[in-house]
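Here's the structure we're looking at; comments come further down.
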Amino acid sequence: MRTTAAQHQALVEGCRSRLRSGQTTLRERYHDGGAARLLRERCQLVDDVLCDLWRELGLPAALSLVAVGGYGRGELYPYSDVDILLLLPEPPDAELTCQLEAAIALFYDIGLEIAPSVRTPAECSQAAAGDLTVQTALLEARLLTGNGELFVQTCRQLRDRLDAPAFFEAKRMEQEERHRRYQDSPYSLEPNCKEAPGGLRDLQTILWITRAAGYGDSWEDLARHGFITQDEEQQLQRSVSFLQRLRTRLHLHVGRREDRLLFDYQTALAEQMNIAPTATRRASERLMQQYYRTAKMVTQLNTILLQNIGAAISPPPDQAPLPINERFQNTHDLLDVVDETIFDKSPGTLLEAFLVMQQHAELQGMTARTLRALWHARTLIDDDFRRDPENRRRFIEILQQPRGVLHELRRMNQFGLLGRYLPNFGKIVGQMQHDLFHVYTVDQHSLQVLRNLRRFLADEFAHEYPLCSELMGDFTRPWVLYAAALFHDIAKGRGGDHSELGAVDAAEFCTQHGVDSDDGALIVWLVRHHLLMSSVAQKQDFADPEVVGAFAATVGDERRLVALYLFTVADIRGTSPKVWNTWKGQLLEQLFRSTCRTVLAGGQVPKQGMIEERQQQALRLLRYFALPEAVHQRLWRQLDTVYFLRHSAEEIAWHTRALHYRTGVEKPVVKARLNPQGEGLEVMIYTRDQRDLFARVVGFFGRAGYTIVDAKIHTTRHGYALDSFMLLDLSDRDSDREMISYIEHELAERLSRQSPPEAPGSGRLSRQVRHFPVQPMVTIEPDEKGSHYVLSVGAADRPGLLYTIAMTLAAHHANLHTAKISTLGERVEDTFLISGGDLGDTASRIKLEGELLERLKL
């Protein structure tokens with residue numbers, strides 16, 4: 001049917017208005033009917049509009065208009081695409097092609113997010129054979145209007161060609177690949193409620209497979225076929241309902257298609273879902289814990305169903321189970337219970353099941369009935385169970401096994417047994433952490449730490465952290481580290497010092513489980529001091545023997561030192577991929593080696609002995625460059641003890657080589673090189689001391705795209721600044737080598753002109769910082785001698801932060817001696833050693849603190 005431009009415009013406006021008013025009505029009624037009703041009614045609204053349009057267009061009666069994908073399933077979320085298939089009996093001629101193009105354009109014009117396809121039955125079969133996504137979408141095809149016979153014929157052809165076992169295997173592999181994209185965890189702090197493990201897609205995958213295999217397309221159908229119990233059906237229905245409500249609310253709140261539960265939306269979604277805050281927890285935290293528990297339930301049932309349905313679709317060979325003991329057997333390389341009631345009869349076998357998994361490498365997993373029995377028997381783990389000496393022995397034995405520790409603890413956590421056995425661990429399951437650097441819930445972070453510790457023992461990963469692998473290989477009874485991993489953050493969310501509270505829990509655990517006194521003391525000590533090494537390495541000047549001596553005194557012996565070093569590396573790596581970098585690794589290794597020498601020496605190494613040793617090492621390095629024997633004297637005469645304490649022998653040699661003939665030059669000297677021990681650049685600046693020097697340098701580096709992670713500021717006896725900086729590229733441009741000449745030339749020119757400091761470019765705040773702001777913290781305390789002051793700053797990271805601090809210090813005429821710049825995800829914890837100005841006056845220090853606090857506020 002041909003229409004005039006005016007008729008076409010009227011048709012478009014009418015349909016667009018109809019859709020808009022209909023969707024407004026649906027949103028207004030949403031509070032009464034729930035998500036499922038909204039999804040159905042939006043489908044019906046779109047059905048009616050498309051069918052009316054189809055009739056208005058007068059397309060040939062031989063064609064079919066078909067809904068596919070989520071639209072075909074009858075679940076149309078507020079901003080989801082509308083997937084349609086224009087089904088043709090044969091390829092279109094030129095006239096029909098024009099009609100179809102006009103129809104699709106019209107569908108777009110009325111305001112629908114259409115995802116169209118145009119195919120014949122043969123083309124549908126061909127596309128389905130070569131594309132799993134197309135095959136899945138067509139599986140849910142639903143006739144809207146048009147040629148019913150053609151639609152039935154196409155569905156029959158697709159059904160006849162569908163290979164259920166191949167489809168099952170393809171969907172299983174697709175799910176595994178999708179899970180890997182989300183680190184195989186539903187416990188990200190900003191999860192995707194559709195695609196992540198435990199999300200809606202995991203539920204849809206099950207129903208796609210059962211539909212393809214002819215077992216039905218609803219949870220009721222699965223219960224009728226015996227794949228799930230009545231209770232499991234109800235659990236699945238509740239999970240679907242919660243996830244549908246959450247995704248629907250998310251779409252409506254954002255006003256577009258969005259499936260990520262970003263920090264930006266969590267608080268508002270919680271309010272809309274009538275979740276209120278408590279005295280100790282935000283509403284958003286309560287919402288997300290409910291999400292994590294739902295996702296956990298979905299992953300459990302998804303695992304059980306995939307196994308049951310897979311066995312039904314492709315029955316394994318008829319092979320008698322292989323006995324393992326009186327309670328367990330090997331069924332097709334899966335651990336199987338001999339009797340499904342064994343856990344009720346003998347609750348202690350709950351832990352034995354995981355122990356058997358560890359002790360039999362041939363077992364690839366557990367049968368569905370074993371997993372289901374474990375889940376239903378989890379409530380048998382009560383106080384009596386936990387007091388049973390045999391159960392305590394088994395749990396310790398699980399930690400002590402040479403293989404499978406991580407896998408089985410993760411399986412215990414997934415099916416709710418770990419939190420039942422360790423009740424305080426159960427309290428942190430699904431608990432969020434708004435500290436701007438953890439990206440996992442507390443329980444998942446703890447298991448990530450354990451995973452990292454186990455990884456140190458794997459030969460295939462020895463290249464990642466060779467020193468850690470070497471130390472772990474020689475570490476006797478490494479299970480104590482795994483126990484510490486379970487307890488180190490177990491007290492988070494209770495209030496108070498979680499390290500101290502966790503140490504109390506760990507001590508109680510060790511006493512109850514009869515842990516050897518030395519091993520128990522180490523576990524408790526690690527939990528209490530698990531943050532110590534990170535703090536010293538990133539906030540204190542451990543080039544000072546007194547700092548190392550104090551740290552060594554706290555550590556006490558070599559076994560504790562090795563344990564703390566291994567644990568610290570595993571802990572930092574387990575927070576977030578963004579937090580760990582080679583610079584942090586370098587700091588920790590340097591502190592470890594320095595402390596190791598001190599501990600082995602039986603105490604603190606004398607300063608003078610350390611200085612002489614470094615000077616001799618530096619001189620040995622200088623000889624490699626065929627420099628005269630006395631080349632160092634002119635420069636070293638101007639350097640004091642503090643310089644030699646704060647710089648390594650390699651740094652001293654580099655400075656000497658660059659400056660031995662320039663000690664009295666007027667023009668600034670800037671030298672840069674690739675960090676010899678890892679990523680980033682090391683920059684040395686030598687110039688007559690000048691006001692605002694640090695602020696000028698910080699501004700330059702910021703504008704060049706670098707962040708300072710370490711600064712050593714030194715003034716020579718004849719009034720020259722000899723400063724060195726360690727830089728990391730903020731944008732990962734991989735252009736450090738090319739930037740060396742730019743930094744050396746441009747920074748020297750700016751220092752020569754002594755032009756005013758230039759602020760680095762402004763940038764955007766991260767979502768985490770916007771929605772979970774950190775209250776700035778500033779303290780200024782005198783050192784032990786009272787000649788210098790330690791400035792500690794904690795704040796949310798943002799562009800120009802260090803420049804703001806530098807300019808504030810310059811305004812107070814404070815001299816900077818060292819700077820430790822520590823960035824933990826989206827939070828900074830910086831430490832500066834300062835002197836001069838009016839710092840000796842208490843009122844002036846308070847004023848400086850106040851100014852810094854004010855300027856650090858967002």
**OP:** Mind giving me the FRET efficiency for GLU460 and ALA129? R0 is 41 Å, r the Cβ-Cβ distance, nearest 0.05 is fine.
**Re:** 0.60
Original post:
If you take the Cα atoms of segment 232-298, find Rg, then find the Kirkwood Rh from the mean of 1/r over all pairs, what is Rg/Rh?
Top reply: 0.98
Original post:
For segment 295-419, what is the convex hull (Cα atoms) projected area averaged across all directions, in square nanometres?
Top reply: 7.7
Original post:
Per residue and in Å³, how big is the convex hull formed by the alpha-carbon atoms of segment 503-643?
Top reply: 138
Original post:
At q = 0.13, 0.23, 0.25 Å⁻¹, what base-10 log of I(q)/I(0) does the Debye formula yield for segment 35-140 when every alpha carbon is treated as an equal point scatterer in vacuo?
Top reply: -0.48, -1.35, -1.46
**OP:** With only alpha-carbon atoms counted, please give the Rg and Dmax of segment 115-260, in Å.
**Re:** 17.0, 49
**OP:** Find, to one decimal place in angstroms, the Kirkwood hydrodynamic radius of segment 82-123, where the mean of 1/r is taken over every pair of different Cα atoms and then inverted.
**Re:** 10.9
Original post:
Applying 1/(1 + (r/R0)^6) with R0 = 56 Å to the Cβ-Cβ distance of ARG386 and GLU546, what FRET efficiency is obtained, to the nearest 0.05?
Top reply: 0.75
**OP:** Name the lysines eligible as straight-distance cross-link partners of LYS492: C-alpha to C-alpha under 17 Å, and not fewer than 8 places from it in the same chain.
**Re:** LYS427
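When all alpha-carbon pairs of the chain are counted, what percent fall beyond 40 Å?
52
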**OP:** Taking all pairs of distinct Cα atoms, average 1/r, flip it, and tell me the Kirkwood hydrodynamic radius of segment 13-67 in Å to one decimal place.
**Re:** 12.5
**OP:** Please express the Cα-Cα pair-distance distribution P(r) of segment 798-854 as a list of whole percents, one per 5 Å bin, running from 0 to the bin with the greatest distance.
**Re:** 4, 17, 29, 27, 15, 7, 2, 0
**OP:** Please determine, in degrees from 0 to 90 and to the nearest 10, the orientation of helix 842-856 with respect to the longest principal axis defined by the Cα atoms of the chain, where the helix direction is its Cα long axis.
**Re:** 30
**OP:** Using a cut-off of 14 Å between beta-carbons, work out the net charge of the residues near LYS345 (Lys and Arg +1, Asp and Glu -1, LYS345 not included).
**Re:** -4
**OP:** Report in % the part of the accessible area of segment 28-134 that belongs to carbon and sulfur, leaving out ligands and nucleic acids; probe 1.4 Å.
**Re:** 49
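Which pairs in the list LYS539/LYS584; LYS539/LYS857; LYS296/LYS345; LYS584/LYS820; LYS584/LYS857 are over 20 Å apart, alpha-carbon to alpha-carbon?
LYS539/LYS857; LYS296/LYS345; LYS584/LYS857
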Original post:
So what is Rg over Rh here for segment 635-725, counting just Cα atoms and using Kirkwood for Rh?
Top reply: 0.94
**OP:** Taking only protein heavy atoms into account and a 1.4 Å probe, give the accessible area per residue of segment 380-513 in Å².
**Re:** 38
Original post:
Share of antiparallel DSSP beta bridges in the chain, in percent to the nearest 5?
Top reply: 90
Subject >> segment 472-612 - percent relative contact order, Cα under 8 Å, separation 6 or more >> reply: 23
Original post:
For segment 104-194, what is the convex hull volume of its Cα atoms per residue in Å³?
Top reply: 138
**OP:** Roll a 1.4 Å probe over the protein chains and send me the accessible area per residue for segment 163-221 in Å².
**Re:** 37
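The values are calculated or read from the model by the stated rules, or taken from the named source; none is laboratory data. Source: prediction; values computed, not measured. Reconstructed Cβ throughout: ideal geometry from the backbone, glycine too, with neighbour counts over all protein chains shown. Surface accessibility is based on the protein's heavy atoms, side chains included, excluding ligands, DNA and RNA. Shrake-Rupley method; radii C 1.70, N 1.55, O 1.52, S 1.80 Å.
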